[in-house]
Amino acid sequence: MDQIQNVSISDDVINEFHENGVAVIRGLFGLWVDGVREAIEENKLNPSWRERTYKPENKNESEFFQDYCVWNNFAGYRALVMESPMAKIAAQLMRSKTAKIFHDHVLVKEPGNSVKTPWHHDQPYYIVDGQQSVSFWVPLDMVPQERSIEFVAGSHQWGKDFKPKRFDGTDLYAEDGAEPVPQIDDCRDSFNIKSWATEPGDAIAFNFRTLHGAAANPSPDRRRVTSVRWVGDDARFVQRQGKTSPFFPDLDYRDGDPFGGEDFPLIFPKVSL
Ligand SMILES: O=C(O)CCC(=O)C(=O)O
């Protein structure tokens, strides 16, 4: 266990994460892949109330399963969050003393699923704000570059909040001052777009403000992913003008309160009781 917790990442990766808002991490999560795969099957049979699956109109087409905030409901997800070096690496990447889990988002594009994840960034969807944030996009299948998630490098530093929309294109809520996401696919050469082929065990780490989108899955293979999201020392609650995603209807907080509570435990450093 100590060996696992002693894993750390290089300054080059940390610097790249800060400069681009995204960096790839190779091979550190291999030990947790089978557990997460099992958790996905259990989760599909026992979805939470937050599940949001895109079921195509064409009944012959496969679905895009999504669920949220389930990391503590299934052993395989819990192990990735609590036992892998992810929390420590999250703190290193965020240059934070601490890492709290915000939530996880499970995204399974079954073979042949035609849903493209539209360009967006995550920050305006959330009840938490701060500069120190990181999501780990963890693939449980081999994903070639042409079917992978892609990012606009540097967009986390544009100082913008883009309008949050659901993946089906409908508005989540109107955020004051938020502008629509630029039409990135119409002029891809104007942006510094980064993507990587990934293997199970890898992760792509990105800031909540980094614009990203992902291909559909026209292949005969599944594209199973869990995206695990962390916040650092500067995290604060933020009030939004509508239903956030994920939604926390029972949380009572004031704008600017330090972020925390039993739903969002501190995972790094480990506190012994
Ligand atoms: O995997 C995808 O299709 C999109 C992932 C995503 O948007 C995220 O992890 O924030």
Binned Cα-Cα distance frequencies in the range 1-79 - 10 Å width, integer % | 15, 29, 31, 21, 4, 0
Calculated SAXS-style log₁₀ I(q)/I(0) at q = 0.13 Å⁻¹ - the range 138-196, Debye, Cα scatterers | -0.47
Note on the range 159-267: contact order normalised by length, alpha-carbon pairs under 8 Å, 6 or more apart, percent, works out to 23 percent
Summed residue charge, Cβ within 11 Å of residue 32's Cβ, Lys/Arg positive, Asp/Glu negative = -1
Cα-based reach from residue 194 at 20 Å (exclusive), listing aspartates and glutamates while leaving out same-chain residues under 8 positions away | 11, 12, 16, 19, 122, 141, 146, 150, 185, 186, 202
The chain: calculated mean residue ellipticity at 222 nm from DSSP helix runs of at least 4, using -39500 (n - 2.57) = -4500 deg cm²/dmol
If we sort 77-84, 137-144 on the protection proxy, mean other Cβ atoms within 10 Å, highest first, what's the order?
-> 137-144, 77-84
Express the relative contact order of the chain as a whole percentage, based on alpha carbon pairs under 8 Å and six or more residues apart in sequence.
-> 30 percent
Select from 87, 48, 212 the residue farthest towards the positive end of the dipole of the chain; place +1 on Cβ of Lys and Arg, -1 on Cβ of Asp and Glu, and compute about the Cα centre.
-> 48
How are the Cα pair distances of the chain distributed, in percent, across 10 Å bins from 0?
-> 7, 30, 40, 20, 3, 0
For the chain, built as a Gaussian network whose Cα springs stay under 10 Å, the top-fluctuating residue of 17, 102, 74 = 74
Run down the aspartates and glutamates and flag those whose C-alpha is under 18 Å from the C-alpha of residue 270, throwing out any fewer than 8 positions away in its chain.
-> 2, 83, 233, 262
Reachable lysines from residue 59, criterion Cα separation under 17 angstrom, eight or more residues apart if same chain | 109
Which peptide among 56-68, 30-42, 124-136, 145-157 comes first, and what is the full order, when sorted by highest mean count of other Cβ atoms within 10 Å?
-> 124-136, 145-157, 30-42, 56-68
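Only the coordinates and a few stated rules stand behind these numbers; no lab work does. This is a predicted model, so every value here is computed, not measured. Glycine gets a Cβ as well: all are built from the backbone with ideal geometry, and neighbour counts include every protein chain shown.
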